[in-house]
Amino acid sequence: MSITVKNISKSFGNTKALNNVSFTINKGEIVGFLGPNGAGKSTMMKVLTTYHQADSGEAYVNSYDVTKDKKNVQKSIGYLAEHNPLYLDMYVKEYLNFNAEVYKVNKENIAKVIEQTGLGPESPKKIGQLSKGYRQRVGLAAALLHDPEVLILDEPTTGLDPNQLLEIRKLILEIGKEKTILLSTHIMKEVEAVCDRVLIIDKGCLVADKRLSDLRKEEEQVLLVEFDFRVEEAFLKK
Ligand code: ADP
Ligand code: MG
């Protein structure tokens, strides 16, 4: 099992961001993490990356306990944050080189991740000169530097225009051939295009854990419409 989450709860003051959440993710799966703003997606991801400590429950990444074995958990995970801070004045290679030093990664991996994320022709540029889509590729490249088994991608396509969005999706599918991925998004269409399975979270509670083939059922469609993803979907159809 690549990720195991058992009865995780996490509050911020009076806000119950996660309420007794449990799920597992198998090695090699691409799992969508769907839910409206404030549902708890980022908080769950940050518990897995060891950034947040849960109030109760257990979580494991590659069988490493997120509270007791943080180093090995961090080695197992490549993380792209929702608001990924990039240094716009840095050159792409310089940024990746800097990350490789911070994380004590073999420098040879830099060329590999540039290739893997299709950054090649843009890599001589400064990050600030790149489109949003290419900036996300830089974030993905940095997340891949230490060749982690698991990728945790927090809304990697939010804010991208439709073309960039489709390109990043394609890239995630490509990367997903070799990795286990947990991908949060607001967009049901994205889950359909990329994922094997979907976890739906609302107000801190996991409300569905379904294979995509089972999601076509009418009851689930009703559930999804309740979340009102229609705006994004209309935008995508344009
Ligand atoms: P999502 O990623 O699904 O939009 P989040 O996990 O960011 O949701 O947030 C879940 C809830 O927890 C929200 O009500 C949010 O305001 C709250 N929250 C998240 N992080 C913090 C924090 N660091 N301090 C206080 N409240 C937080
Ligand atoms: Mg979030």
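The values are calculated or read from the model by the stated rules, or taken from the named source; none is laboratory data. Computed from a predicted structure; not experimentally measured. Methodologically, a virtual Cβ is constructed for each residue, glycine included, from the backbone with ideal geometry; neighbour enumeration extends over all protein chains shown.
Odds and ends about this structure:
- Within segment 145-157, one or more residues are at negative phi, touching a Ser or Thr at 6+ places or on another chain (Cβ under 7 Å) and modelled with pLDDT under 95.
- Lone qualifier among Val191, Val198 - being under 23 Å from Asn26 (Cα atoms), of a type in the set (A, V, I, L, M) and not in a helix (DSSP H, G or I): Val198
- Selection count, segment 25-52, where residues are over 18 Å from Lys203 (Cβ atoms), assigned to a loop (DSSP other than H, G, I, E, B) and in contact (Cβ under 8 Å) with a residue 40 or more places away in the chain: 5
- Of all residues in segment 63-80, those being closer than 20 Å to Ile110 by Cα and either away from ligand 2 (no atom under 16 Å from the Cβ) or in contact with an Asp or Glu (Cβ under 7 Å, 6 or more places away or on another chain) (or both) number 6.
- Scan of segment 106-126 for residues that are over 20 Å from Ile168 (Cα atoms) and surrounded by 14 or more Cβ atoms within 10 Å (Cβ to Cβ), ordered by number: Asn109
- Every pair of residues 6+ apart whose Cβ atoms lie under 8 Å, when the first sits in segment 1-24 and is in contact (Cβ under 8 Å) with a residue 24 or more places away in the chain while the second is surrounded by fewer than 17 Cβ atoms within 10 Å (Cβ to Cβ) and among the hydrophobic types (A, V, I, L, M, F, W, C): Asn19/Cys205; Asn20/Cys205; Val21/Cys205
- So Gly35, is it small (Gly, Ala, Ser), at pLDDT 95 or above and within 16 Å of ligand 1 (Cβ to nearest atom): no
- The number of residues in segment 1-30 being within 15 Å of ligand 1 (Cβ to nearest atom) and crowded, with 22+ Cβ neighbours inside 10 Å comes to 6.
- Among all residues of segment 61-84, there is at least one that is under 29 Å from Leu212 (Cβ atoms), in a loop (DSSP other than H, G, I, E, B) and in contact with a Gly (Cβ under 7 Å, 6 or more places away or on another chain).
- Of Tyr87, Tyr95, Tyr103, Tyr60, all but one fail to be crowded, with 16+ Cβ neighbours inside 10 Å, more than 16 Å from ligand 2 (Cβ to nearest atom), over 19 Å from the mean Cα position of the chain (by Cα) and aromatic (Phe, Trp, Tyr); the exception is Tyr95.
- Test: residue in segment 138-150 that is within 15 Å of the chain's Cα centre (by Cα) and more than 26 Å from Asn26 (Cα to Cα): yes
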